[in-house]
Each structure stands twice: as structure tokens, then as C-alpha cells.
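What follows is a set of notes on a single structure, which appears directly below.
Every number in this text was worked out from the coordinates using simple rules, so none of it is lab data. As the structure is a prediction and not an experimental result, all values here were calculated from the model. A quick note on method: Cβ atoms are made from the backbone with ideal geometry, for glycine too, and the neighbour counts reach across all protein chains shown.
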Amino acid sequence: MRVGIGYDIHPLVEGRKLILGGLHVPHPKGLKGHSDGDGLLHAITDALLGAAGLGDIGELFPDTDPKYKDADSGTLLKAAFEQVKRRGYEVENIDCNIIAQSPKLKPFKSQMEARIAGLLEIETRRVNVKAKTNEGLDAVGRGDAIVMQAVALLRHS
Ligand code: MG
């Protein structure tokens, strides 16, 4: 077994769609980023790469590369996961935190779990998404940013 951790933060800005966990979540603001801004999938990508000892998402998909402009983060996650699989690993489980003052994410958690499980070719029960606020504190609490965290446990098959 090997464990990996992932973290991401993206600013919330007007004029962007909010894409989180592979879903479009209705909100007046969206996550700014070179890709589609889906920091939850970025955190999961980093957790998987970390667990497999394969570096990080920035090495694999540099944000200076025009190829990844507005890229679907699900595609990036799948590409990273292919490398993890080639090393002989399967996913035991993924656990995530989304720390956002708004919108309320509870109605979307189970859909995100299903989407993430689909990308990683595992049963939905192996993915857990938790949503928290930041109790009004700092940039996250003001609604100016969203933080996403993930851990991944891999098993060598
Ligand atoms: Mg990111």
C-alpha cells in the first residue's frame, strides 16, 4: 500500500463556470485557472501521483503549455492515472475535502463521487467527498477562493 496527498487552491472569479469534481455547479463565480480550474480533480491527480512516487501535476501538465489552456481536468486526471496503472497500482480509496464558503456543495457530493470513481474505474464506494466552509475566515471564508484536498491509497496489484 502507498498513500499520497494532494492540495489545491484556486481563486473564485466572475465570468468562469464553476467546475468541481467533474461537475458544473451553478454559481455566479467560477475557479480561475489555466485549465478548467477543477481543483478537486487537480488535488486527486496530485494525491495519485504522490502515492505512486511520480512527482506532481505541474511537472506532467505545465500551466505554461498552451495545450492545457481550458483543458478538461478529467482528461488530465485520466492521463496521470494511466501512468499510475502502468506502475502496477490500483486505487484502494480516495478521500477529499472541498473547503468553500459558497455555494453549498452537499447536493453535489454523491454525483462528484460517482464522476471521480468513473474516471478512476473503481466502485463509487471507494470515493468520498466532504464539503466544509471556512467559518467565514480568510480568503476562502470571504468566498474569494476554494481549497481542495485529497488523499489516495494505492495497492500494488
Ligand atoms: Mg489547480
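Taking the stated definitions as given, is Arg155 without any contact (Cβ under 8 Å) to a residue 40 or more places away in the chain, closer than 19 Å to Glu90 by Cβ, basic (Lys, Arg) and not in a loop (DSSP other than H, G, I, E, B)? Taking the combined requirement at face value, the residue does not satisfy it. For beta carbons closer than 9 Å, sequence separation of 6+ or different chains, a first residue in the stretch 106-121 that is in contact (Cβ under 8 Å) with a residue 40 or more places away in the chain and under 12 Å from Cys96 (Cα atoms) and a second that is among the aliphatic types (A, V, I, L, M) and assigned to a helix (DSSP H, G or I), the qualifying pairs are Met112/Leu40; Ile116/Leu40; Ile116/Leu41; Ile116/Ile44; Ile116/Leu77.
Considering the stretch 22-80, the residues that are without any contact (Cβ under 8 Å) to a residue 40 or more places away in the chain and polar (S, T, N, Q) include one that is surrounded by the most Cβ atoms within 10 Å (Cβ to Cβ), namely Thr45.
Quick test for you: out of Pro66, Pro28, pick the one residue that is of a type outside the set (D, E, K, R) and within 19 Å of Ala131 (Cβ to Cβ).
Pro28
Just a yes or no: is a residue in the stretch 77-86 touching a strand residue (DSSP E or B) at 6+ places or on another chain (Cβ under 7 Å) and among the small types (Gly, Ala, Ser)? No, the stretch 77-86 has no match at all.
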